[in-house]
Amino acid sequence: ETAHKHSDQIGTVYAGKNGIIGALTEDLIDTSKESNADIQSLKHTPSGGFGSCRYKMKSLEINKAEYERLIKVFRAHDIGYFFYNGGGDSADTCLKVSQLSESMKYPIQAIHIPKTIDNDLPITDNCPGFGSVAKYIAVSTMEASFDVASMAATSTKIFVLEVMGRHAGWIAAAAGLVDDSIPVVILFPEVGLDKNKFLAKVKRNVKVFGYCTIVVSEGTKWPDGRFLAEQNTHDDFGHAQLGGVAPV
């Protein structure tokens, strides 16, 4: 929208289809060809309007050619500014692109835009993406609690909601936004699980309220630092594969 208004100062704005994958494969969307109405509609479109991906570029030492490919695509389309939104890995990619572009005599202004629902990026108070998930978790916790409360006299008395958050408990903490009349126990990745205290709290809530809702971060750990739900496997980013902490 700003580029349309100041076309004499801002050139073509491209969007990589499916994120960084589109930049690597030269599958670029020329937004100047979109109508003003379509550009306006992006304000009310889910953030994946141009597609997204979960793809981590390896280190320069391991796969320098991939970064060189990126710079070549930028050069071919006269791109001088690279805006990349995401978490810590995306910020690292921006740094590498900036450094390599200098050595290739085609300096790129690589700008990282913080965006992660975990809300765990340094020097960032509220990451775009966190607000929407915080609202979702708070509402989901409330609705699930009402559902359990309605059956607690004769059926289920415990509900466990597992949420994302490997090392940061902001998402789990959002469950605390529910009304104080709803009994909720929250487990954070920053605090080792004290099994006895946890069970005592749950039993107390069931005794007083008739039921209890438990919201647990996927990264909740035992006192010795082991993840409750670690599966001894790793994802494509090299992180320990988590998931399934609720049954534990």
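The values are calculated or read from the model by the stated rules, or taken from the named source; none is laboratory data. Since we're looking at a predicted model, the values are computed, not measured. With ideal geometry, Cβ positions are generated from the backbone for all residues, glycine too; neighbour counts draw on all protein chains shown.
If you filter region 162-177 down to residues that are touching a helix residue (DSSP H, G or I) at 6+ places or on another chain (Cβ under 6 Å) and surrounded by fewer than 22 Cβ atoms within 10 Å (Cβ to Cβ), you find that the one that is farthest from A200 (Cα to Cα) is M164.
Does region 102-117 contain any residue that is under 30 Å from L70 (Cβ atoms), surrounded by fewer than 19 Cβ atoms within 10 Å (Cβ to Cβ) and touching an Asp or Glu at 6+ places or on another chain (Cβ under 9 Å)? Write out each step before concluding.
Applying the first criterion (under 30 Å from L70 (Cβ atoms)) to region 102-117 yields 102-117.
Next cut, surrounded by fewer than 19 Cβ atoms within 10 Å (Cβ to Cβ) only: 102-107, 109, 111, 113, 115.
Now drop any that are not touching an Asp or Glu at 6+ places or on another chain (Cβ under 9 Å), which leaves 104.
Looking for residues that are under 30 Å from L70 (Cβ atoms), surrounded by fewer than 19 Cβ atoms within 10 Å (Cβ to Cβ) and touching an Asp or Glu at 6+ places or on another chain (Cβ under 9 Å), one finds at least one in region 102-117, hence yes.
The helices (runs of 4 or more DSSP H) falling completely within region 129-248 that include 1 or more residues that are modelled with pLDDT of 90 or more, touching a Lys or Arg at 6+ places or on another chain (Cβ under 8 Å) and not basic (K, R) map to 130-151, 195-209.
Test S145 against the stated conditions and say whether it is touching a residue at least 12 places away in the same chain (Cβ under 8 Å), within 23 Å of the chain's Cα centre (by Cα) and surrounded by 20 or more Cβ atoms within 10 Å (Cβ to Cβ). Break it down stepwise before answering.
On the way: touching a residue at least 12 places away in the same chain (Cβ under 8 Å): yes; within 23 Å of the chain's Cα centre (by Cα): no; surrounded by 20 or more Cβ atoms within 10 Å (Cβ to Cβ): yes.
Considered against the rule, which asks whether it is touching a residue at least 12 places away in the same chain (Cβ under 8 Å), within 23 Å of the chain's Cα centre (by Cα) and surrounded by 20 or more Cβ atoms within 10 Å (Cβ to Cβ), S145 comes out as no.
Within region 97-104, one or more residues are in a loop (DSSP other than H, G, I, E, B), farther than 23 Å from W170 by Cα and of a type outside the set (S, T, N, Q).
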